[in-house]
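As structure tokens, the structure follows; a few thoughts come after it.
Derivation of every value follows stated rules applied to the coordinates shown; laboratory data play no part. Keep in mind that what you see is a predicted model, and the values were worked out from it rather than measured. A quick note on method: Cβ atoms are made from the backbone with ideal geometry, for glycine too, and the neighbour counts reach across all protein chains shown.
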Amino acid sequence: MDVEILVNILPQVLLDGLILGFMYALIALGYTMVYGVLEFINFAHSEIFIVGAFVGVEILLGLKSAGWLEHLPWPLVLLLVLLAGMVVSGALAVTVERVAYRPLRGAPRLIPLISAIGISFFLQDLIRLVESIWRNAFNLVYPTIDVLNERFELTPTIDVSVKSLVVIVAALAMLGVLHALVNRTKIGTAIRAVAEDQTAASLMGINVNRIISLTFLIGGAMGGAAGVLFGVQYGLINPYTGFIPGLKAFTAAVLGGIGNIPGAMIGGLVLGLLEAFAASYLSLLTGGRFGAEYKDIFAFSVLILILIFRPKGLLGEVVRERA
Amino acid sequence: MIQLVGAVAFLIASGIAVATFPRSVLVFLAFQAALFAVYLARMPAWLRAALLGLALLVMMPLIGLYNGYYLEVATQVGIFVALALGLNIVVGLAGLLDLGYVAFFAVGAYSWAIFGSPQANAIFGGGFPLAPIWFYLFLGVGLAVAGATGVVLGLPVLRLRGDYLAIVTLGFGEVIRVLANNLDKPINLTNGPRGITPITRPPAPFGMPYPEYFYFLVLAIVVLVVLVNRRLENSHIGRAWEAIREDELAAQAMGVPLVRSKLLAFACGASFAGIMGVVFSAKQVFINPESFTFLESIGVLAMVILGGMGSIPGAVLGATVVTVLNLQVLKGFSLWLNELKNAGVVVLGFNLADLPTQLEPAKYERMIFGIILVLMMIFRPQGILPVRRRQRELAARAPATGPATPAP
């Protein structure tokens, strides 16, 4: 085995892992915030994420066919697409909560989970239906913006594309804003109060339903932004693309300690790095017997091991048992 | 009495109708509705059993002579009934949400597929496929291997809380599928995405044609599974499962061994899936990992939820409705729409020939599953044919802010 190869590709692997990790972190926030407030796995979050990606591709394709994509400055285009994805995904998350989860609050805990699975499946085919009618295609490719595909050479062996930098910067900015929102503002205090104890919070004059809607809005918006970034970074999307990243982001949330916002960020980064390492090194280390196709199994094994040995996650907040 | 006569008349009429119009989907649906009517109508138990027996043992194979596709649908329904009954034990009785159930089906299917085809030569050298008669032994092997897989998965994860358990079983289902997809190297175990074929079929007695033979085989297994389910439900262990579902802490305090009971539920459900997996692989002659996706797991879950968690007739009804929706209604709608498109029919000033080509109604089974799951959870969580105990539980837990659940 050639140790030199392993060392040489290390920085590139780290970089890929970081990008993937930030993506997971953004999606994981949606899972973890909702879990923190309702102790409920919002299974449909992976579709809320991919809806963001579809909003992005529709706007970009629209701009392209209008011939504006070349002329508008790319940061403006990117900002517009991100905002649109966030608004639509956030609104969708709030709607889903209102329609499919709120009537079930207080039911045995598997009931809303099953409803969420139903919503997830329904949304997948709804996207397919809408895109089939609208474009007669549901496998869509993000139009390329040339500037974003330029690559910097950091060293002769490592290079980084502009879009990867954009992903990292955007993710960092959003995580920072969210952190400030939750910890420094009145709304953030209300969210934390509702997560702590809904009854007590409502006695203190907090409108619990509104705070829960707000939680879905923020989580959904983060998911939508992640969807747009996912599309920009990886290009190809279809209505079923969201499922596996969603599952992995949930793994990241559990890994960091579900219900814990910094935990979701750290969990996302750790999982992204682990997966990048597994994808590039598994094949090298086993002499080609097992390759990158096992990276999904790797992520799920991490999930199973964490849940068995440290269900509180890395930043272990004690998960309360509620019958 | 009116009900009795009505149901019998309905059954006979629909039977004749199917023989007269062997191509009409609607008529076949009417036949299935007649079976349901016989089940619901007020009549002595022996008469109901005799009528259902007549319909399933005599009328259905006869219908199969007119239109082989209906027999295929009936066989598929049978396979899914057995799967739904197996999952019903895990989800309905023991209250453990298993989102990777189809993995056990896959384990059963691959256990016969590998040894019942030349595939095993890649591992053991020569001598395969096994003789067809081995199939009957492998019904037991599939059952045992799937059950053992259930125990191996269950041992570490059954300590987890309900929603975590659901996600871990989902992950496990994906792991099995990814393994089936990739274990064509370093040793070619599953032949990867290309799948395994040809799989040996068992010797059919009396020179029976294979579609009829598999129909009867599946029917026999379904009857067996129903009987086992009914015995289990009222047994010591069945009551322990329900106690765990209602309140784990209280059950434990009453001396119910939690992990052991849950393991048993997992293994029971898994073994039903395993035995059907063996039949499935022999019936299809070809299997590949595409038959064992998360979509299938959710499909089986939708069947259980639709009929009513914990309810045996509910699982049968749910499996029938969902399978028929997928195999007949969606496909029928697709074909009909295509005919209209080709004919260029104009509806409300819109020419149907202009409909997008990618719009294929047959492909929207996810939407069907999704709608079933959400609507059932919101409006009728106890299912169409609920168990009385489950109904009481859901009513008792409904909080003041929740939906108005009607008292039973």
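Observations on the structure shown:
- The radius of gyration of the Cα set in region A:169-323, together with its Dmax, comes out at 18.1, 63 angstrom.
- Most mobile listed residue (A:Ile261, A:Ile41, A:Ile158) in chain A, GNM with C-alpha springs under 10 Å: A:Ile158
- Longest segment of chain B lacking trypsin sites (Lys or Arg not before Pro) that sit in a DSSP loop with at most 13 other Cβ atoms within 10 Å: B:43-408
- Sequence-distant residues sharing a close amide H with B:Ile287 (under 5 Å, placed H): B:Ile196
- Once Rg and the Kirkwood radius are both taken over the C-alpha atoms of region A:3-309, their ratio Rg/Rh works out to 0.98.
- Per residue, the average separation of C-alpha pairs within less than 8 Å and at least 6 apart gives region A:3-309 a relative contact order of 38 percent.
- Exposed-site-free run, longest, chain A (rule: GluC sites (Glu not before Pro); DSSP loop; at most 13 other C-beta within 10 Å): A:151-320
- Entries in B:Lys185/B:Lys283; B:Lys262/B:Lys331; B:Lys262/B:Lys363; A:Lys248/B:Lys341; A:Lys312/B:Lys262 that, when Cα-Cα distance is taken, lie over 30 Å: B:Lys262/B:Lys331; B:Lys262/B:Lys363; A:Lys248/B:Lys341
- The calculated Kirkwood hydrodynamic radius for region B:323-376 is 12.3 Å, given to one decimal from all distinct C-alpha pairs.
- Whole-number percent relative contact order across region B:1-66, with pairs defined as alpha carbons under 8 Å at least 6 apart: 40
- With N the number of residues in region B:182-292, Rg(Cα) / (2.2 N^0.38 Å) evaluates to 1.48.
- With one equal scatterer per alpha carbon and no solvent term, the Debye-computed log10 I(q)/I(0) for region B:165-236 at 0.22, 0.23, 0.27 1/Å reads -0.91, -0.92, -1.03.
- Shape analysis of region B:1-116 places it in the oblate category; the axes a ≥ b ≥ c from the Cα gyration tensor give an a/c of at least 1.5, with a/b not above b/c.
- Note on region B:181-222: Kirkwood radius taken over Cα pairs, Stokes-Einstein applied at 25 °C and 0.890 mPa s, translational D equal to 194 µm² s⁻¹.
- Peptides A:83-90, A:262-269, ordered by how many other C-beta atoms sit within 10 Å of their residues on average, highest first, read A:262-269, A:83-90.
- The overall shape of region B:260-390, judged from the alpha-carbon gyration tensor, is oblate: a/c is not under 1.5, and a/b is no greater than b/c.
- Chymotrypsin sites (Phe, Trp or Tyr not before Pro) restricted to region A:1-105 and DSSP loop, no more than 11 other C-beta within 10 Å: A:Trp68
- Over chain B, relative contact order from alpha-carbon pairs under 8 Å, at least 6 apart, %: 22
- Converting phi to 3J(HN,Hα) with the Karplus coefficients 6.51, -1.76 and 1.60 and the offset θ = phi - 60°, region B:148-158 yields 5, 4, x, 5, 4, 5, x, 3, x, 9, 6 Hz in sequence order, with x at every glycine or proline.
- When you filter the chymotrypsin sites (Phe, Trp or Tyr not before Pro) in region A:126-166 for DSSP loop state and at most 15 other Cβ atoms inside 10 Å of their Cβ, nothing is left.
- Descending semi-axes in Å of region B:67-397, equivalent ellipsoid built from Cα gyration tensor: 32, 29, 19
- Calculated P(r) of region B:1-66 - Cα pairs past 16 Å, %: 40
- For A:Thr241, the amide hydrogen comes within under 5 Å of no other amide hydrogen, counting only partners 5 or more places away or on other chains and with H modelled in the peptide plane.
- Inter-chain shielding of B:159-170 (mean C-beta neighbours from other protein chains, 10 Å cut-off): 6
- Averaged over peptide B:357-369, the number of partner chain Cβ atoms lying within 10 Å of each residue's Cβ comes to 5.
- In sequence order, region B:337-351 has phi-based couplings of 4, 4, 4, 4, 4, 5, 7, x, 5, 9, 10, 6, x, 10, 6 Hz under the Karplus curve 6.51 cos²θ - 1.76 cosθ + 1.60, θ = phi - 60°, and Gly or Pro positions carry x.
- Surrounding net charge for A:Ala292, when Lys and Arg each add one and Asp and Glu each subtract one, Cβ distance under 13 Å: -2
- Principal semi-axes in Å for the protein assembly as shown [√(5λ), Cα gyration tensor, largest first]: 43, 31, 29
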